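**Student:** If you scroll down you'll find the structure; I have some questions about it.
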Amino acid sequence: MKKNILTKDQGFTLVEILIVIGIIAVLAAIVIVAMNPARLFGKARDTERWTEVNGIANAITQYYADNAGVLPTGIPAVGGTAIEICATTGTACTDPTLDLYDMTTAGVTPNYLPTVPVDPQSTSPNTGYFIIQASNYRVTVTATSTEQQTPDISVTQ
């Protein structure tokens, strides 16, 4: 006579799987909150601003070196008010009511800077970067829309 031996199926129950998924979700939420993605994205945009401000300042310095110590025309003088660099070319840059600095007309773009960089969060046709002459034929380029950095990002060369 044969005996039927009941065997227990091996595996996980639905309740066990749901508990594990719940634990993983709680741990993921804790990690996301600890990382603070908004702060990390803000730091990344500020890093991009640093790179672009340095690129603009380096282009102006290279122009200065190649033109026997003459700065590009139109940069506000020492003691004046910094003006925003124009992101486009044409009438938007030359409109006197907008008070923008046109790097293309000045001969900086595309000779020393392939394109005019624009602030990562700029919503206007302007770049979000400002320029002014500093003392001793130096130029200061500033990004005022910083997120994680105080004071503004500024480079003088």
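**Student:** If the requirement is being surrounded by 10 or more Cβ atoms within 10 Å (Cβ to Cβ) and modelled with pLDDT of 90 or more, which of these qualifies: Ile60, Ile17, Ile56?
**Tutor:** Values: Ile60 fails: modelled with pLDDT of 90 or more; Ile56 fails: modelled with pLDDT of 90 or more.
None of the others qualify; the one that does is Ile17.
**Student:** Here is a follow-up. Under 8 Å between Cβ atoms, at least 6 apart or on separate chains: pull out the pairs that start in the stretch 139-157 with a residue that is in a loop (DSSP other than H, G, I, E, B) and exposed (fewer than 14 other Cβ atoms within 10 Å of the Cβ) and end on any residue that is at pLDDT below 80 and of a type outside the set (Lys, Arg).
**Tutor:** Close Cβ pairs satisfying both conditions: Asp152/Thr146.
**Student:** Let me ask something additional. For residues in the stretch 100-110 being assigned to a loop (DSSP other than H, G, I, E, B) and modelled with pLDDT of 75 or more, which is farthest from Leu71 (Cα to Cα)? Please lay out each step first, then the result.
**Tutor:** Taking the stretch 100-110 as the starting set, the residues that turn out to be assigned to a loop (DSSP other than H, G, I, E, B) are 102-110.
Next cut, modelled with pLDDT of 75 or more only: 102-104, 106-110.
Values: Asp102: 14, Met103: 12, Thr104: 14, Ala106: 9, Gly107: 10, Val108: 10, Thr109: 14, Pro110: 16 Å.
Step by step, filter the stretch 100-110, then rank; the result is Pro110.
**Student:** Continuing with this model, one more query. If a residue must be in a helix (DSSP H, G or I), free of Cβ contacts under 8 Å to residues at least 12 places away in the same chain and of a type in the set (Val, Ile, Thr), how many such residues does the stretch 53-86 contain?
**Tutor:** The total comes to 0.
**Student:** Here is a follow-up. Return only the number of the condition from (1) over 18 Å from the mean Cα position of the chain (by Cα); (2) of a type in the set (A, V, I, L, M); (3) at pLDDT 75 or above that Ile85 does not satisfy.
**Tutor:** Going through (1) over 18 Å from the mean Cα position of the chain (by Cα); (2) of a type in the set (A, V, I, L, M); (3) at pLDDT 75 or above one by one, Ile85 breaks only (1).
The values are calculated or read from the model by the stated rules, or taken from the named source; none is laboratory data. Here the structure is a predicted model, which is why all the values come from computation and not from measurement. Using ideal geometry, Cβ is built from the backbone for each residue, glycine included, and neighbour counts are taken over all protein chains shown.
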